[in-house]
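Novice: Got a structure for you, questions after.
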Amino acid sequence: FRHGFSSLNLGTLRSQRSSSGFFKVECSQQSSKNCIDFSDPDWKSKFQQDFERRFNIPHITDTFPDAHSFPSTFCLRMRTPVTEDFAEGYPSDEEWHGYINNNDRVLLKVIHYSSPTSAGAECIDPNCTWVEQWVHRAGPREKIYFKPEEVKAAIVTCGGLCPGLNDVIRQIVITLEIYGVKNIVGIPFGYRGFSDKGLAEMPLSRKVVQNIHLSGGSLLGVSRGGPSVSDIVSSMEERGINMLFVLGGNGTHAGANAIHDECRKRKLKVAVVGVPKTIDNDILLMDKTFGFDTAVEEAQRAINSAYIEAHSAYHGIGVVKLMGRSSGFIAMQSSLASGQVDICLIPEVPFNLHGPHGVLRHLKYLIETKGSAVVCVAEGAGQNLVEKTNATDASGNIVLGDIGVRIQQETKKYFKEIGIPADVKYIDPTYMIRACRANASDGILCTVLGQNAVHGAFAGYSGITVGICNTHYVYFPIPEVISHPREVDPNSRMWHRCLTSTGQPDFI
């Protein structure tokens, strides 16, 4: 259960619902060690208390109880500071009502499922009881815990490329300057930049970042892996960095959380804030991550090309492989958006290539009835059908077999064996969809995420990440969003909508 018991398998939970002895469930490591006893009349309030404890976001005052706060230097009523040094007071004499109260919350779940058999139902107990779950609202606070003139802020981008990286970097820098920070640097090429003596930190200012959002990639460069957490924190101490903004996925956020813990262990007054970067849209609890909309939009070109190739050929079949290691969100949304896909294959839904209900048999049916077909497959789908490798990349991810090539080869072989001519074209745009500039939708998302990352750091929060939840921007404690990748629920309405669009059967 993603919103409470992150280690509990939904399929197992659904099967347990039918059992009359369903009173206890396994709890995640972040949750209370004692399993919830649903026969306890107070289980609901206990769950809410445990949820609030786990989703409480770490603050500077947890380590420094006597930490002094200051009136915020962020006030949009007066944009130009009266003096060069305005950290000790408001930049305007007038009170501004644009701040977020620390007790503001956003509702994590908005659907009250009346039955555990409802499509996409995520229930805590067998009766699908409604349990309110509130998370911290993001935004500027009236009190800040860092003097802008004493801040040295660093930004680092890790992992692979993603549309919108430059947009987030740009907005972090601009918002820091509005607070009054003048010492802003970029760490080149991910965490590696903390240890490689040949990589100098890059001074950043509004003038430097003004137009970087007009191109794809990352101004700072990216890489996987890097030095030990201890070495990173030691480097931050030497450089005088007391605000660190980390842009990356699950692995990068795990590193950011470890950096946060090490800073607390060393009693360093440092704010570590993450901005989730994953083109696969596979971060838990969030509506979406930046770059995803752009990737889906760019994927339309590849799908349309595959459709034109297939539709223009005699018995044409177009196969498109899209990104998605363990989550099929890009393939699913791209298929829905295009309206040209006949078969969508994702990692969450098993399928067979051969057999009476296999993909190839359905392709034969499509060729006979439509004359052409388009297949969209996520890179992590059907890994049981390709040769396994024990190789891993620098982030520790298993190197996947190429399911797109496998489908292309098996399709050609199948139609040759049954004596039906087929013209199979394979398109692999995987890296093309992530190396482009962010579209307008992602540009807005990146802008707000970057702003809220800075607001969170100045408010004294650390070990947090910023995201969008039910259209509102929130702060999550990092451990709650990195336990495992978010996946497409095969019983969700969105997957059902995709199946309705493609018209594909089950391939088992």
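The values are calculated or read from the model by the stated rules, or taken from the named source; none is laboratory data. Here the structure is a predicted model, which means the values were calculated and not measured. Virtual Cβ from ideal backbone geometry, glycine too; neighbours counted across all protein chains shown. Side chains included, ligands, DNA and RNA excluded: accessible areas come from the protein's heavy atoms. Shrake-Rupley method; radii C 1.70, N 1.55, O 1.52, S 1.80 Å.
Novice: Does residue 322 qualify as being closer than 16 Å to residue 280 by Cα and modelled with pLDDT of 95 or more?
Specialist: yes
Novice: Quick one: is residue 181 in the same structural domain as residue 247 (by the TED database), under 30 Å from residue 96 (Cα atoms) and either β-branched (Val, Ile, Thr) or open to solvent by 50 Å² or more (accessible area, probe 1.4 Å) (or both)?
Specialist: The answer is yes for residue 181.
Novice: Going residue by residue through segment 200-210, is there one that turns out to be of a type in the set (A, V, I, L, M, F, W, C), under 24 Å from residue 481 (Cβ atoms) and touching a helix residue (DSSP H, G or I) at 6+ places or on another chain (Cβ under 8 Å)?
Specialist: No, segment 200-210 contains no residue that is of a type in the set (A, V, I, L, M, F, W, C), under 24 Å from residue 481 (Cβ atoms) and touching a helix residue (DSSP H, G or I) at 6+ places or on another chain (Cβ under 8 Å).
One line per residue, one yes/no per condition, for (1) loosely packed, with under 14 Cβ neighbours inside 10 Å; (2) in a loop (DSSP other than H, G, I, E, B); (3) at pLDDT below 90:
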position	(1), (2), (3)
41	yes, yes, no
45	yes, no, no
48	no, no, no
51	no, no, no
77	yes, yes, yes
81	no, yes, yes
85	yes, yes, yes
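Results for (1) crowded, with 17+ Cβ neighbours inside 10 Å; (2) assigned to a helix (DSSP H, G or I); (3) modelled with pLDDT of 95 or more, shown as yes or no for each residue.
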residue	(1), (2), (3)
353	yes, no, yes
363	yes, yes, yes
384	no, yes, no
387	no, no, no
396	no, no, no
401	yes, no, no
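Novice: In addition: Go through the residues of segment 424-436 one by one and say whether even a single one is loosely packed, with under 14 Cβ neighbours inside 10 Å and at negative phi.
Specialist: yes
Novice: Report, by residue number, each residue of segment 306-335 that is crowded, with 19+ Cβ neighbours inside 10 Å and in a helix (DSSP H, G or I).
Specialist: 306, 307, 309, 310, 329, 330, 331, 332, 333, 334, 335
Novice: Another question about this same structure. Residues in segment 488-508 that are part of a loop (DSSP other than H, G, I, E, B) and either of a type in the set (Phe, Trp, Tyr) or surrounded by fewer than 19 Cβ atoms within 10 Å (Cβ to Cβ) (or both): how many? Quick ask: steps written out before the conclusion?
Specialist: Of all residues in segment 488-508, those part of a loop (DSSP other than H, G, I, E, B) come to 488-492, 503-508.
Checking which are either of a type in the set (Phe, Trp, Tyr) or surrounded by fewer than 19 Cβ atoms within 10 Å (Cβ to Cβ) (or both) leaves us with 489-492, 503, 505-508.
Residues flagged as part of a loop (DSSP other than H, G, I, E, B) and either of a type in the set (Phe, Trp, Tyr) or surrounded by fewer than 19 Cβ atoms within 10 Å (Cβ to Cβ) (or both) within segment 488-508 amount to 9.
Residues checked against (1) open to solvent by less than 10 Å² (accessible area, probe 1.4 Å); (2) at pLDDT below 95; (3) in the same structural domain as residue 181 (by the TED database):
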| position | (1), (2), (3) |
| --- | --- |
| 105 | no, no, yes |
| 117 | no, yes, yes |
| 126 | no, yes, yes |
| 137 | no, no, yes |
| 147 | no, no, yes |
| 157 | yes, no, yes |
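Novice: Find the residue count for segment 444-482, including only residues that are within 19 Å of residue 134 (Cα to Cα) and open to solvent by 10 Å² or more (accessible area, probe 1.4 Å).
Specialist: 10
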